[in-house]
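The values are calculated or read from the model by the stated rules, or taken from the named source; none is laboratory data. This structure is a prediction, so every number in the text was calculated from the model and none was measured. Every residue, glycine among them, receives a Cβ derived from its backbone with ideal geometry; neighbour counts consider all protein chains shown. These accessible areas exclude ligands, DNA and RNA; they are computed on the full protein's heavy atoms, side chains included. Shrake-Rupley method; radii C 1.70, N 1.55, O 1.52, S 1.80 Å.
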Amino acid sequence: PTLQAMVEAAKAKELPDDLRQQIEPPPKQAETSGDAQRGWALFQQGKMRSAESMFRKALAKDPENLSAMNGLGFCLLNSGKPAEAKPYFEKCLELEKDAAGPMNGLARCLQAEGKLDEAVKIWERMQKKYPGPTAATYGLANAYAERGEHTKAAAMYEQLVKASPDDPQLKEAWRDALVKATAEKGEKAKQ
């Protein structure tokens, strides 16, 4: 859902506030630099290379610009470079431990490294801190399904389906998790 919302935002050339909160941490400094703002505008348009360049420019001027660090991390992550993205998310979280965007970015990096249990811990912390259907909900739904925890996956997918009732992929994932959770319960009852 987050990626779909990002694509829709890029097409509309406008980033809704709720989506911005999921990917962009609150700036530590009073105002985000112009380069970082331009970077996010380019990111919204799907222009990852240009956005990456703007975020790097902002970081050259201010190495602790959280918005630019997080943006650069997402540019790298979305370009298939999770190992390069990870240090930017980690640095953001050193400076702002509960920033939702970097938490999600780091969890996605860990998932890409095959460290699903570590990713789940971050998403669970994020879900607890920021309840409701968020990027953490989506990450947890897929991670729980991958780990065979279908009851937990079904609960996460249910939240996502309620938030996006017209999404057929979410509905299918929810149904699949429910079927598998029911089958698991039946097998446990036989034992």
- [ ] Quickly work out the Lys115-to-Glu64 label distance, labels modelled 7 Å from Cα along the C-beta direction, and quote it in nm with one decimal.
- [x] 2.5
Task: HN-Hα J in Hz across region 108-119 - Karplus 6.51, -1.76, 1.60, θ = phi - 60°, x for Gly and Pro - done: 5, 5, 4, 4, 5, 7, x, 9, 5, 4, 5, 4
Task: Selection of trypsin sites (Lys or Arg not before Pro), region 51-102, meeting DSSP coil and at most 15 other Cβ within 10 Å - done: Lys97
TODO: Note down, for region 69-175, the three equivalent ellipsoid semi-axes (square root of 5 times each alpha carbon gyration tensor eigenvalue), biggest first, whole angstrom.
DONE: 24, 14, 13
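If R0 is 30 Å, what FRET efficiency do you get for Lys162 and Glu8 from their C-beta distance, rounded to 0.05?
E(calc), rounded to 0.05, equals 0.95.
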Open item on the list: I need the GluC sites (Glu not before Pro) found in region 40-106, filtered to DSSP loop residues with at most 10 other beta carbons within 10 Å of theirs.
Closed with: none
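Taking Cα pairs under 8 Å and at least six residues apart, what relative contact order does region 44-179 come out at, in percent?
So the answer I get is 13 percent.
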Open item on the list: Over all directions, how big on average is the projection of the convex hull of the alpha-carbon atoms in region 133-178, in square nanometres?
Closed with: 2.5
- [ ] Would you mind computing, in nm to one decimal, how far apart the modelled labels at Ala83 and Asp176 are, each placed 7 Å from Cα along Cα→Cβ?
- [x] 2.9
Task: Surface per residue (accessible, 1.4 Å probe) for region 139-179, Å² - done: 54
TODO: Run the accessible area of region 52-191 with a 1.4 Å probe and give the carbon-and-sulfur part as a rounded percent.
DONE: 52
Open item on the list: Cβ neighbours within 10 Å, averaged per peptide: list 115-123, 145-153 in order, most packed at the top.
Closed with: 115-123, 145-153
- [ ] Go from 0 up to the bin containing the longest alpha carbon distance in region 27-92, width 5 Å each, and give me the % of pairs per bin.
- [x] 4, 23, 32, 26, 13, 2, 0
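If Rh is defined by the Kirkwood formula over all Cα pairs and Rg also comes from Cα, what ratio Rg/Rh do you get for region 85-138?
Using only Cα positions, Rg/Rh for region 85-138 is 0.94.
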